[in-house]
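**Student:** I'd like to ask some things about the structure below.
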Amino acid sequence: MGDSVKKYHVLGAMSGTSLDGLDLLEVVFFFNQNTNSWSYQLKSSATYSYSKKIKEKLSNAHQYKHEDIEKLDREYTQVLADMMNRFIRENQVEKLDFVASHGHTIFHQPENRYTLQIGNRPELSRLIQQNVICDFRVQDVELGGQGAPLVPIGDKLLFSEYEACLNLGGFANVSFQKKEQRIAYDVCPVNKVLNLYASQLGYDFDENGKIAERGKVHQDLLSKLDSLAFYRQKPPKSLGVEWLDKEIFPLVDGYHMNVEDKISTFTQHTINQLSQSLKGMKKIFVTGGGAYNNFLIKELSGKIKGEIILPSKELIEFKEALIFAMMGVLYFRNENNILAEVTGASKDHSSGKYFGITK
């Protein structure tokens with residue numbers, strides 16, 4: 001390999017708003033100093049589901065009092081440590097440079113210069129006996145940024161061959177290059193809403209979009225959803241669960257209709273918003289749990305001119321963990337890992353916290 005290539009062995013950890021569980025990905029990054037380019041090799045990966053109890057707490061934590069959040073933060077740090085130790089043991093992972101962990105978002109209020117991801121405590125490093133780089137969003141919000149989306153730096157460095165990168169998680173976010181500028185923003189909610197209504201029918205999610213396909217679209221509700229002020233805002237912009245509680249759920253639940261029709265209408269709303277954001281894009285790289293929603297993907301394909309490209313199962317499910325691992329590497333190298341042009345912060349910066357092993 002020679003001296004011209006630097007190598008970093010990392011474990012990336014991501015917990016998204018859709019509460020599917022903790023995504024863990026072992027990856028090796030290579031930086032070629034001659035060509036100034038990055039490549040990667042995916043190793044082992046796993047998603048560990050949360051217990052019903054922890055899932056419930058994470059789901060309701062934005063309504064907790066300060067001391068209860070503190071308690072949950074300690075409890076969740078232990079949950080993360082147990083899952084990471086299990087992953088390292090089961091996959092016989094050795095000689096990591098560090099673990100890059102996102103934590104789990106409880107509050108996201110950039111307009112108040114506040115965002116909180118729990119599980120980013122110094123004791124995580126001690127509990128897993130690894131160096132840890134974490135808490136990537138806080139500094140950006142303090143610098144006047146949205147603290148989201150953060151994945152565009154990875155899109156730019158690792159997936160530049162695609163015209164747009166679309167992630168369909170709890171919320172959908174898109175990232176693309178326009179001349180010299182990277183543009184990225186949260187488009188609309190996806191699984192955070194669809195999964196909640198699917199759970200009212202006894203399912204974890206709407207598998208393959210079958211419920212949406214069966215239900216009827218309520219045109220009046222669809223029109224009101226599509227008219228929400230957020231969609232007229234210019235980026236940078238981002239969404240959090242607080243916005244759902246204020247804007248989405250009261251609106252949808254204000255209509256007396258069956259749950260199937262709510263899912264069908266909201267799926268159509270998602271397709272409308274995504275197709276607006278992807279206008280004119282030719283090659284669109286799609287990841288996240290929503291990539292498995294066949295109905296949504298098929299309907300979206302019919303509304304846009306570009307080609308939707310679904311990668312390997314591993315990239316669909318672990319791209320965010322991969323990119324947070326990449327952000328950890330950039331922080332480790334003391335290089336900028338957040339783009340001000342994307343988040344609206346006052347400057348590009350290297351964000352995160354480093355906790356070394358204390359024996």
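The values are calculated or read from the model by the stated rules, or taken from the named source; none is laboratory data. The shown structure was predicted, so the numbers you read here are calculated from the model rather than taken from an experiment. When we count neighbours, we look across all protein chains shown, and the Cβ atoms used for this are built from the backbone with ideal geometry, even at glycine. Each accessible area value is taken on the protein alone, full model and side chains, heavy atoms only, with ligands, DNA and RNA left out. Shrake-Rupley method; radii C 1.70, N 1.55, O 1.52, S 1.80 Å.
**Student:** Counting residues in the chain as N, plug N into 2.2 N^0.38 Å and put the Cα Rg over that result. Write down the numbers at each step before the final one.
**Tutor:** Working: Rg = 19.8 Å, N = 359, 2.2 N^0.38 = 20.6 Å.
Taking the Cα Rg and dividing by 2.2 N^0.38 Å, one obtains 0.96.
**Student:** Same structure again: Largest first, how would Asp68, Asp23 line up by accessible area (1.4 Å probe)? Each step should come with its number before you reach the end.
**Tutor:** On the way: Asp68 70, Asp23 30 Å².
Solvent-accessible surface, decreasing: Asp68, Asp23.
**Student:** OK, next. What is the distance, in nm, between label points placed 7 Å from the Cα along the Cα-to-Cβ direction at Gln109 and at His256?
**Tutor:** Going from the Gln109 label point to the His256 one covers 3.5 nm.
**Student:** Remind me, relative contact order of the stretch 1-104 in percent, using alpha carbon pairs under 8 angstrom and six or more residues apart?
**Tutor:** 34
**Student:** Can I ask one more? Given contacts defined as C-alpha pairs under 8 Å and at least six residues apart, what's the relative contact order of the stretch 228-359, whole-number percent?
**Tutor:** Dividing the mean separation by the residue count of the stretch 228-359 yields 19 percent.
**Student:** Hey, another quick one. On C-alpha positions alone, give me the angle between the axis of helix 313-332 and the longest principal axis of the chain, in degrees, nearest 10.
**Tutor:** Roughly 50 degrees, rounded to the nearest 10.
**Student:** Checking the table Lys216/Lys279; Lys178/Lys298; Lys7/Lys71; Lys43/Lys303; Lys43/Lys192 against a 32 Å threshold on Cα-Cα, which pairs fail? Walk me through the intermediate numbers first.
**Tutor:** Numbers: Lys216/Lys279 26 Å; Lys178/Lys298 26 Å; Lys7/Lys71 38 Å; Lys43/Lys303 36 Å; Lys43/Lys192 29 Å.
Exceeds cut-off: Lys7/Lys71; Lys43/Lys303.
**Student:** Stretch Tyr231-Ser301 to full length: gain in nm at 0.36 nm per residue minus the Cα-Cα span?
**Tutor:** Contour length minus Cα-Cα distance gives 23.1 nm.
**Student:** Report in % the part of the accessible area of the chain that belongs to carbon and sulfur, leaving out ligands and nucleic acids; probe 1.4 Å.
**Tutor:** Accessible surface attributable to carbon and sulfur in the chain totals 46 percent.
**Student:** Just reorder Glu111, Glu180, Glu307 by solvent-accessible area, largest first, 1.4 Å probe, all chains present.
**Tutor:** Sorted by accessible area, descending: Glu180, Glu111, Glu307.
**Student:** Using a 1.4 Å probe on the protein heavy atoms only, what accessible surface does Glu213 show? Give it in Å² to the nearest 10.
**Tutor:** Per-residue accessible area (Glu213): approximately 110 Å².
**Student:** Tell me the volume per residue, in Å³, of the convex hull enclosing the alpha carbons of the stretch 1-113.
**Tutor:** Value for the stretch 1-113: 142 Å³ per residue.
**Student:** Under the rule of -39500 (n - 2.57) per DSSP H run of 4 or more residues, summed and divided by the residues of the chain, what mean residue ellipticity at 222 nm is obtained, to the nearest 500 deg cm²/dmol?
**Tutor:** -11000 deg cm²/dmol
**Student:** In what order, largest first, do Val259, Val217 sit by accessible area if the probe radius is 1.4 Å?
**Tutor:** Val217, Val259
**Student:** Return one quarter of the surface area of the convex hull spanned by the alpha-carbon atoms of the stretch 115-185, equal to its mean projected area, in nm².
**Tutor:** 6.4
**Student:** Follow-up question, since we're still on this one. In the full protein assembly as shown, how much of Met14 is accessible to a 1.4 Å probe, in Å² to the nearest 10?
**Tutor:** 10
**Student:** Further question on the same structure: Kindly report the accessible area of the stretch 200-359 per residue (heavy atoms of protein chains, probe 1.4 Å, no ligands, DNA or RNA), in Å².
**Tutor:** Accessible area per residue, the stretch 200-359: 48 Å².
**Student:** Gain in length, Thr35 to Glu180, computed as 0.36 nm per residue apart minus the alpha-carbon separation, to one decimal in nm?
**Tutor:** On the way: separation 145, 0.36 × 145 = 52.20 nm, distance 1.96 nm.
Extra length from Thr35 to Glu180 when fully extended: 50.2 nm.
**Student:** For Ser223, what accessible surface area do you get with a 1.4 Å probe? Give it in Å², rounded to 10.
**Tutor:** Approximately 60 Å² for this residue.
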